[in-house]
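Undergrad: Structure incoming, see below.
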Amino acid sequence: RESQPTSFMELVVGGTGVLEIAGARHLLRPGDVFIVHDRDFCRYYAGPSGSWRKLFVSFWAGGVNDIMRLLGLTNVHQVHLSPVHYRLARRLFGELLLCARAKHEQFRDQLSTIVYRLLIAVARDAHPEESHGTWPPLIRRAIRFDEKHRIEPLSMTRLARVAGCTPAYFSTVFARHVGVKPYEWFTRMRIQHAAYVLESTDAPVATAAAAAGYEDPFHFSRLFKRIVGRAPSAHRALFQPADAAGPRPSRHGRDELAKRR
């Protein structure tokens, strides 16, 4: 591929491949992500196995270059994902496909959010000691705090206090570095956490809402539909086919039988 105004990211799900880029040769295997930036000249092809399968997403360089820089991915071409992030990446690629096909209201924003989640997962494995790239310490403190207190109501005042600054300063710095206002970002992260609960357990919608800090399931459902593009129950249905009948982990660690629908 010659240098183009687009970047792309591919996830290897089967076989092996070879990527030649920036004077280096990378052998790619299942669980590997490789990134080709807009400025790159590269060549890639099937590896020793003779065939390979991969999922890919491409994006215009524009704003994504800033995100790559903030996440420390500007010069990264290959990352091997941890098992947890590999499963997450497979699921997110599925969400990308569903969202692109449905083209519901605000689907472009939702596609951007899904890609952003993918990039964060890749960055965490590319830089395990710096899971949020070069973001200032005050932002990282707030993110770590919210990840540990998601069952509590979201409060910008509280997060600013944890960050050690005023709410106004916190909002300004966060938006400058992350590219979106903190309330919107943290809301999306919480809704995405609730989506994971719905996808991976049989917990009621109200329980998924509580896991993300929302006491009112109706307010939660409205937010969920705005961000994900479908109601919580409809989202769960995508991950629980009608013939599914096997033990699924509950949110509390017990095995429960998946309901037939």
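What follows is calculated from the coordinates using simple rules that are stated; it is not laboratory data. Being a predicted model, the structure only gives us computed values, none of them experimental. Cβ placement follows ideal geometry from the backbone for every residue including glycine, while neighbour counts extend to all protein chains displayed.
Undergrad: Along its principal axes, what span do the Cα atoms of the stretch 110-244 show, with the longest given first and each in whole Å?
TA: Projected onto its principal axes, the Cα set of the stretch 110-244 covers 49, 34, 23 Å.
Undergrad: Relative contact order for the stretch 6-126: what percent, with Cα pairs under 8 Å and sequence separation of 6 or more?
TA: 26 percent
Undergrad: Let me know the charge dipole size of the chain about its Cα centre in debye, to the nearest 20, where only the beta-carbon of Lys, Arg (+1) and Asp, Glu (-1) is charged.
TA: 420 debye
Undergrad: Taking the Cα-to-Cβ direction at Arg69 and at Arg161 and moving 7 Å from each Cα, how far apart do the two end points lie in nm?
TA: Distance between the two pseudo-spin positions: 3.6 nm.
Undergrad: Which value in deg cm²/dmol, rounded to the nearest 500, describes the helix-derived mean residue ellipticity at 222 nm for the chain, given -39,500 (n - 2.57) per DSSP H run of n ≥ 4 and division by the residue count?
TA: Value at 222 nm, helices only, nearest 500: -15500 deg cm²/dmol.
Undergrad: Put +1 on the Cβ of each Lys and Arg and -1 on the Cβ of each Asp and Glu in the chain; which of Met156, Ala208, Pro137 then has its Cα farthest toward the positive end of the dipole?
TA: Among Met156, Ala208, Pro137, the one farthest towards the positive end of the dipole of the chain is Ala208.
Undergrad: Oh, and also: Would you mind getting me the FRET efficiency between Thr172 and Arg144? Use the beta-carbon distance for r and R0 = 22 Å, nearest 0.05.
TA: Between Thr172 and Arg144 the formula returns 0.60.
Undergrad: Sticking with this one: At what distance in nm do the modelled label points of Cys42 and Ile151 sit from each other, each positioned 7 Å from its Cα along Cα→Cβ?
TA: The answer from the label model is 4.2 nm.
Undergrad: Then there's this: What is the spin-label model distance, in nm, from Lys103 to Ala24 if the labels are put 7 Å beyond Cα along the C-beta direction?
TA: In this crude label model, Lys103 to Ala24 measures out at 4.0 nm.
Undergrad: Right, here's the next one. Once a ≥ b ≥ c are taken as the square roots of the eigenvalues of the Cα gyration tensor of the chain, is the result rounded (a/c under 1.5), prolate (a/b larger than b/c) or oblate (a/b not larger than b/c)?
TA: Oblate, because a/c is 1.5 or more while a/b does not exceed b/c.
Undergrad: P(r) tail for the stretch 6-126, what percent of Cα pairs lie past 24 Å?
TA: Here the tail beyond 24 Å accounts for 24 percent of pairs.
Undergrad: On to the next question. Determine the sum of side-chain charges near Ser155: Lys and Arg each +1, Asp and Glu each -1, restricted to other residues whose C-beta is under 11 angstrom from that of Ser155.
TA: Charge balance near Ser155 sits at 0.
Undergrad: Given the C-alpha centroids of the stretch 4-66 and the stretch 198-226, what is the distance between them in whole angstrom?
TA: 36 Å
Undergrad: Report the relative contact order of the chain, percent, no decimals, based on alpha-carbon pairs under 8 angstrom and at least 6 residues apart.
TA: Relative contact order here is 13 percent.
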